[in-house]
Amino acid sequence: MANFPFINRELSWIEFNARVLHEAEKDSVPLLERVNFLSIVTSNFDEFFQVRVASIKRQLEKSPDVTEASGLTPSGLLKKISARCHKIIGAQYDLLNEKILPLLKETGIEYVSSESYTPSQKTFVQGYFKNQIYPLLTPLRTDGEFPHIINQHSYVAFLLGPMEGFRVKEDIFSAKKDSKEAVAIVQIPSDVSRIIWLPEDENSGDENASARNADSNVKSCRRFTLVDDMIAAFGDSLFPGYALKESLIFKVNRDADFAVDEDAGANFIQAMEEVLVKRQSSFPVSMICNSTSRTLSDYIKNKLHLQEDDLYCVDGPIDLRSLGKLADEEIDGKENLQYPVWKHFYPVDLPSDGQLWNTIRSHDVLLNVPYQSFDPVVRFIQDASQDEHVLSIKMTLYRTGKNSPIVRALEKAAQNGKQVTAFVEVKARFDEQRNISWVNELINAGVTVVYGIVNIKVHAKIALVIRREPDGLRRYVHLSTGNYNPGTAKVYQDLSIFTSNQQIASDATFFLNVISGYSAVQTMRHLFMAPIALKQKLIELINREIQQSSPENPGLIIAKMNSLCHPEIVKKLYEASQAGVRIMLNIRGICTLVPGVKGVSENIRVISTVGRYLEHSRICYFQNGGEEEIFLSSADWMERNLDRRIELMFPVTDKQVFENVKEVLNMYFNDNTQTHSLKSDGTWEPMSPAKDENPYNVQEEMYQLYKRLNESKESKPKLEFEVRRG
């Protein structure tokens, strides 16, 4: 690895979160969407600390001197992570306080912290606290054994002292009989709304309030506070006889990167549930708090055995996901503060009523969500569950969401006497509890459930329906780059294909039998499964491009994915670049490859698209000397996907679908408004239109494309794309 440039995986991921923050910085993005991007930054960092930073900390304990591919030791990497995270989180709160909150106030939505309560607001909040919040709180002493801080839960800490003019008898419950100060903590209830709307308060303390209220052209302001602020302001009522000296709102991220006991056998589900319990009490990784009390932040940090680098003190609400909930609130004129509504169009080549079998039998059907509706996927399973000619349904389930109509359809199918097999991955991180619930429900409904393969996750997305027809049994297959989740299908961009191609169907049958049974031989010819054949197939495809490339006719590889960090694949792409192969990569998140290095990667271009939709599809194109090939996949080019997961890569064989996918892929490389370009020094530069260029937003262009198709679907035109090639 030392022979070619390599960006550290964790540092590369942090830069992805910086690109998310960049969306929040754009004045062109509607205000509540900017708030949402701030919320996403917070959510992303929480998972990053729980998983990636926790893993590095464990590595520091076990192998402190081992260096990773970019040459960093665990301690050196943690230093770099902390420095960059502190900088981005600082910029996040600067943006919140200097731009977002003032702009919200201008539009009539004002956040009021506890320090800014007017007398009438304070009276209201105090009453609300007393009646709605106080009964839910449990104060905890800290002078004995320090209370357990639950992962990802918010708390308020209080520094208490003797009440002036009040003689306190010895506190018989305190372990420190001679202490004049005490520290207590209170967990903020997680099952109450964090946003509390304040009553209208014309006498808000603003000397210009009367003038403003008299001006009919000025929008009236709705004000809100957070439960966190309420508790910090009035929580001292929990400690009779003590005076509140300081308070601190904080949250702790704990290690969530540990696995279930794969040898648990029949008790696997129980073992998985034990993992979820352990996640709440694993070692602390980081702590975020407001900046109101250095005394308390140091005290808690030391009690949790955290280092200074692990502490993130911010000026504002510690969990910006609370502000992200503003989008769910009833707010006048909210539609002007959010993205314009984009319809999810029903595919023009599928019947909007009646069964789908005839269409899929005649030709493959491409689905591009969320521009197109996810409904055909739901209908595919629902129709199969009710069709008297359907004999069997088999499918994988990784992340399905709440109240899944697909799970309900599988249950209905089993109740209707069909043979139904569901491969439910209960090890899907942070969805484990939900998937365990699905396992129990499906089993009770009569579904055969396979819910674990030892030491490996099933991440492939595939559904197989077997139907008896006049000419015999016919198999219908759905293959996807994304999850069977109607909720995320509204915001995640993914591609999937419906097909009855019998070669694909034969491989699909074999694949599903393999992951439920035993197989020592890989006999699939059209589907490529990780960890057995997918990585090797990618290497073969890149090698073929190298062999066929010449100065007169250079090879071409175009790929889009979430992450690229598999060392073997990165090295092979470098070799291809050195052989003159042109390589165009759109990598949403992690990219450890360094483009544009003379003699190594000068033929590689790397961009990243971040916008209103999460780019999630995985597509790869190989020129193959003019005999072009395109594959879709559930797998990113990462070690975990190619070496430690069950994944699928599948070819696009239908001629029309092939052309559609190819042009969709090319469109991403025309974007000059939602895209960053990776430079040879490892930095990302936002792209903007040149002087002679018009703005090109690939997501907007994609939406307009499907809108035009929907408007003209009566004539069923050939799917055409207008693409500017650069």
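Using the Cα centre of the chain as the reference point, and only Cβ charges (+1 on K/R, -1 on D/E), how large is the resulting charge dipole? Debye, rounded to the nearest 20.
I would put it at about 1140 debye.
Based on the alpha-carbon gyration tensor of segment 546-695 and its eigenvalue square roots a ≥ b ≥ c, which shape applies: rounded if a/c is under 1.5, prolate if not and a/b is larger than b/c, or oblate?
rounded
Output the relative contact order of the chain, whole-number percent, from Cα pairs under 8 angstrom with separation of 6+ residues.
12
Ranked highest first by average number of other Cβ atoms within 10 Å, how do 657-665, 244-252 line up?
244-252, 657-665
Which of the lysines could a cross-linker bridge to K402, judged by Cα under 27 Å and excluding same-chain residues fewer than eight apart?
Result set, ordered by chain and number: K251, K278, K325, K334, K343, K394, K412, K418, K427, K457, K461, K490.
In whole Hz and in residue order, list the ³J(HN,Hα) couplings for segment 100-114 that follow from phi through the Karplus curve 6.51 cos²θ - 1.76 cosθ + 1.60, θ = phi - 60°; x for Gly and Pro.
5, 5, x, 5, 4, 4, 4, 8, x, 10, 10, 8, 10, 7, 5
Along the Cα→Cβ direction, 7 angstrom out, place labels at L136 and K122. What is the inter-label distance in nm?
Roughly 2.5 nm, to one decimal.
Would you mind counting up the charge near Y339? Only other residues with Cβ under 9 Å from its Cβ, with Lys and Arg at +1 and Asp and Glu at -1.
Summing Lys and Arg as +1 and Asp and Glu as -1 gives 0.
How much length would be gained if the chain were fully extended between S437 and A83, taking 0.36 nm per residue of separation minus their Cα-Cα distance, in nm to one decimal?
My answer for the length gained is 123.4 nm.
Loop-only GluC sites (Glu not before Pro) in segment 523-567, please: DSSP not H, G, I, E or B, and at most 15 other Cβ atoms within 10 Å.
Sites meeting the loop and neighbour criteria: E552.
Show which lysines lie in cross-link reach of K62 when reach means a straight Cα distance below 20 angstrom and same-chain residues fewer than eight apart are skipped.
Partners found: K79, K80.
Could you work out how far apart the two model spin labels at R544 and S113 are, taking each label as a point 7 Å from the Cα in the direction of the beta carbon, and quote it in nm?
6.0
Roughly how many nanometres apart are two label points built 7 Å out from the Cα toward the Cβ at A243 and E25?
It works out to 4.6 nm between the two label points.
Note the angle between two axes, namely the Cα long axis of helix 31-48 and the longest principal axis of the Cα atoms of the chain, as a number of degrees from 0 to 90, rounded to the nearest 10.
That helix lies at roughly 90 degrees to the long axis.
Full extension from D65 to S220: what is 0.36 nm times the residue separation minus their Cα-Cα distance, to one decimal in nm?
Here the answer is 49.7 nm.
Among S437, I231, P347, whose Cα lies farthest out toward the positive end of the dipole of the chain, if unit charges sit on the beta carbon of Lys, Arg (+1) and Asp, Glu (-1)?
Of the listed residues, the answer is S437.
Assuming 0.36 nm per residue, please report the length gained on full extension of the stretch R468 to F146 beyond their Cα-Cα distance.
Length gained between R468 and F146: 109.4 nm.
Students often check this: by mean Cβ neighbours within 10 Å, which of 285-294, 76-85, 155-164 ranks highest, and how do the rest follow?
285-294, 155-164, 76-85
What is the sum of charges around D94, taking Lys and Arg as +1, Asp and Glu as -1, for the other residues whose C-beta is under 14 Å from the C-beta of D94?
0
Check the straight Cα-Cα distances from K691 and name the lysines below 30 Å, setting aside those fewer than 8 residues away within the same chain.
Leaving aside lysines fewer than 8 places away in the same chain, those within reach of K691 are K26, K99, K560, K598, K662, K679, K707.
Rank H305, H389, H22, H459 by accessible area, highest first, at a 1.4 Å probe radius?
Final ranking, largest accessible area leading: H305, H389, H22, H459.
Indicate the gyration tensor shape class of the chain (rounded, prolate or oblate), computed on the Cα atoms with a ≥ b ≥ c the square roots of the eigenvalues: a/c under 1.5 is rounded; otherwise a/b larger than b/c is prolate and the rest oblate.
Here the chain falls in the prolate category.
Using a probe of 1.4 angstrom, how much of the accessible area of segment 545-702 is carbon and sulfur, in percent?
On segment 545-702, the fraction of accessible area on carbon and sulfur atoms equals 44 percent.
Please identify every one of the GluC sites (Glu not before Pro) in segment 66-116 that sits in a loop by DSSP and has no more than 11 other beta carbons within 10 Å of its own beta carbon.
The qualifying sites: there are none.
Can you sort D471, D654 by solvent-accessible area, 1.4 Å probe, largest first?
Ranked from most to least accessible, the order is D471, D654.
Would you kindly derive the ³J(HN,Hα) couplings of segment 696-701 from the backbone phi angles with the Karplus curve 6.51 cos²θ - 1.76 cosθ + 1.60 (θ = phi - 60°), listing them in order in whole Hz, with x for Gly and Pro?
Values per residue, Gly and Pro as x: 10, 9, 4, 6, 5, 5 Hz.
Hey, for a label at Q578 modelled as a point 7 Å past Cα toward Cβ, could you say which residues of segment 1-45 have their backbone N under 19 Å away?
Counting backbone N atoms under 19 Å from the label point, the list is 1-7.
Heavy atoms only, 1.4 Å probe, whole protein assembly: order D332, D643, D229 by accessible area, highest first.
Correct descending sequence by accessible area is D332, D643, D229.
If you take the square roots of the eigenvalues of the alpha-carbon gyration tensor of segment 64-156 and sort them as a ≥ b ≥ c, do you get rounded (a/c under 1.5), prolate (a/b over b/c) or oblate?
Since a/c reaches 1.5 but b/c is at least a/b, the shape of segment 64-156 is classed as oblate.
Would you grab the residues whose amide H sits under 5 Å from the one on L564? Only those 5+ places off in sequence or on another chain, please, with H modelled 1.01 Å from N.
Under 5 Å from the amide H of L564: I590, C591, T592.
Out of all DSSP beta bridges in the chain, what portion is antiparallel? Express it as a percent rounded to 5.
70
Round to a whole number: what % of the accessible area of segment 1-78 belongs to carbon and sulfur, probe 1.4 Å?
Roughly 49 percent, rounded to a whole number.
Please give the charge dipole size of segment 82-144, origin at the Cα centre, charges +1 on K and R Cβ atoms and -1 on D and E Cβ atoms. Round to the nearest 20 debye.
160
Which FRET efficiency value, to the nearest 0.05, is calculated for A533 and K571 with the Förster distance at 22 angstrom and r the Cβ-Cβ distance?
Efficiency at R0 = 22 Å is approximately 0.70.
The values are calculated or read from the model by the stated rules, or taken from the named source; none is laboratory data. As the structure is a prediction and not an experimental result, all values here were calculated from the model. Quick reminder, even Gly has a Cβ in these numbers, built from the backbone with ideal geometry, and neighbours come from all protein chains shown. With ligands, DNA and RNA removed, areas are computed over all heavy atoms of the protein, side chains included. Shrake-Rupley method; radii C 1.70, N 1.55, O 1.52, S 1.80 Å.
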